[in-house]
Amino acid sequence: MSTQSSPHDGKHFVVQKGKAQCNQGDQFPQYKVTAHEKHYWNDAEGNPDYLAVTEDDLQFNPSGPSFGKCKLRPSSGGYLPCAYAPAGKWQKTYEKVKIMGKQCLTEISELQCTVGGMISVLDHGQRGEMSKQNVKEANSKTIQHINPLVKMDDFKETAEESEIDAY
């Protein structure tokens, strides 16, 4: 059995509420998923913020000059607004995971703009949360060594009494 590593190993999938950056712009828009309304990363509720971004999702929110002022478009008063024009699909996508035949973006994915900028992932958009189950299964002695200020046994009691699912 071969265990070939991939540049995507340890990287997060990108969700709609993540942010993109252009190496020639000064603003950081969110992704806008238009290729599907079906797959969400780490969200069973179907919150659109967690829609998976694919290689075909080439729009951003806000639309228009999504990346602000473009350094490749100088003018007498500074720089002209972004004239975003994608050169095809996203590159360096994760080929092993597809949604409706489209490859998913990870933190290393890139999109070339025909004006000359390179668009990359600034923030994948996912956030880790600790569930009651995580707290219940945590080793109190290990936690005490990592963070001596947290009294894990007291925290576990509070979590068991609480109706809150995440901390």
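Things worth noting here:
- Acute angle (nearest 10 degrees) that the helix 152-161 long axis makes with the longest principal axis of the chain, alpha-carbon atoms: 80
- If you run the Gaussian network model on the chain, springs between alpha carbon atoms under 10 Å, then out of Ala138, Ala83, Ala44 the most flexible one is Ala138.
- Here the chain is treated with +1 on each Lys and Arg Cβ and -1 on each Asp and Glu Cβ, and its dipole about the Cα centre works out to around 840 debye.
- Mean residue ellipticity, 222 nm, helices only, the chain: the sum of -39500 (n - 2.57) across DSSP H runs of n ≥ 4, divided by residue count and rounded to 500, is -3500 deg cm²/dmol.
- Dipole axis of the stretch 19-123 (+1 Lys, Arg; -1 Asp, Glu on Cβ), positive-most option in Pro81, Ser109, Phe60: Pro81
- In percent, rounded to a whole number, the relative contact order of the stretch 19-123 is 29, using alpha-carbon pairs under 8 Å and six or more apart.
- Extension gain for Lys96-Glu37 works out to 19.2 nm (0.36 nm per residue, less the C-alpha to C-alpha distance).
- Computed FRET value (nearest 0.05) for Tyr79 with Glu110, which takes r as the C-beta separation and R₀ as 22 Å: 0.50
- Computed on the stretch 5-59, with alpha-carbon pairs under 8 angstrom and 6+ residues apart, the relative contact order is 37 percent.
No value in this document is a laboratory result; all are computed from the given coordinates. Remember, predicted model here, so these are calculated numbers, not experimental data. Every residue, glycine as well, gets a Cβ built from its backbone with ideal geometry; the counts of neighbours run over all protein chains shown.
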